[in-house]
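Step one of this worksheet: look at the structure below.
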Amino acid sequence: MLLLLTKWIPVLSRKSTFFQYLLCLFLITIMNSLFFRQQFVVVLSLICILFLPFILFFVEYIFVERQWKKLLTIYKKNKIIIQSIVWFPVLEEIIFRFFIYQYCELFDFSNIQYILLATFSFVIAHIFYQGVSSIVKILFSFILSILFLLTLNIFLTIIIHCIFNFLVYIVRTSKYENHRNW
């Protein structure tokens with residue numbers, strides 16, 4: 001629903017769907033972390049994973065190279081890689097595994113209900129963002145939901161999701177390179 005609302009806000013409607021989806025994931029993560037205050041340490045750790053390496057690299061690069069404009073140019077050229085391989089997986093796993101699990105625990109849902117809800121919401125979000133072809137993500141989401149349920153380790157699902165997105169990125173990039181060489 002939040003993603004649909006971003007299309008009606010003039011400032012956000014001019015941004016890419018990629019950015020709109022990332023903004024929605026971040027806002028939902030913040031809202032849920034306020035609701036589940038006892039899980040704030042986990043969320044804070046995950047947000048640190050998202051931003052701290054980039055901030056530390058940025059500071060170190062500025063001290064060593066003294067060229068922050070060059071760094072911004074490099075980031076702008078590669079932000080899709082960073083977003084799709086790091087930020088999206090972390091935020092999606094926080095929302096679609098961790099917080100949905102917290103809600104299911106709160107409302108006394110069964111494990112099967114958790115798996116179905118997590119899978120359904122993950123796929124629906126991707127349909128709004130990527131279109132109907134996202135239905136193939138059912139198996140991916142189903143397996144990650146089961147893994148999270150078995151281990152209750154959000155870091156495991158985040159790492160798997162990051163590696164998966166990295167592989168998808170490599171395949172899409174190689175397809176583009178093959179077509180560009182024609």
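The C-alpha atoms of the chain define a longest principal axis, and helix 68-82 lies at about 40 degrees to it. Accessible surface for the chain, divided over its residues, is 64 Å² per residue with a 1.4 Å probe. Remark on the chain: Rg and Dmax equal 17.7, 57 Å (Cα only). Rounded to the nearest 0.05, the FRET efficiency derived from the C-beta distance between Leu56 and Ile170 at R0 = 25 Å is 0.45. Separation of the range 82-121 and the range 43-63, taken as the distance between their Cα centroids, equals 24 angstrom. Of the peptides 92-104, 146-158, the ranking by mean beta-carbon count within 10 Å, highest at the top, reads 92-104, 146-158. Here the relative contact order of the chain, from alpha carbon pairs under 8 Å that lie six or more residues apart, stands at 22 percent. Relative to the longest principal axis of the Cα atoms of the chain, helix 154-180 runs at roughly 50 degrees.
Keeping the other protein chains in place, figure out the carbon and sulfur percent of the accessible area of the range 1-158, with a 1.4 Å probe.
Carbon and sulfur together cover 74 percent of it.
The orientation-averaged projected area of the convex hull spanned by the Cα atoms of the range 90-182 comes to 6.4 nm². In the structure shown, the pairs Lys70/Lys137; Lys69/Lys175; Lys15/Lys70; Lys7/Lys70; Lys7/Lys69; Lys7/Lys175 are assessed against 27 Å; a Cα-Cα span above that value is assigned to Lys70/Lys137; Lys69/Lys175; Lys7/Lys70; Lys7/Lys69; Lys7/Lys175.
The values are calculated or read from the model by the stated rules, or taken from the named source; none is laboratory data. Just so you know, these numbers come straight off a predicted model, no measurement behind them. All Cβ positions, even for glycine, are placed from backbone atoms using ideal geometry, and neighbour counts span all protein chains on display. Just so you know, the surface numbers come from the protein's heavy atoms only, side chains and all, with ligands and any DNA or RNA stripped out. Shrake-Rupley method; radii C 1.70, N 1.55, O 1.52, S 1.80 Å.
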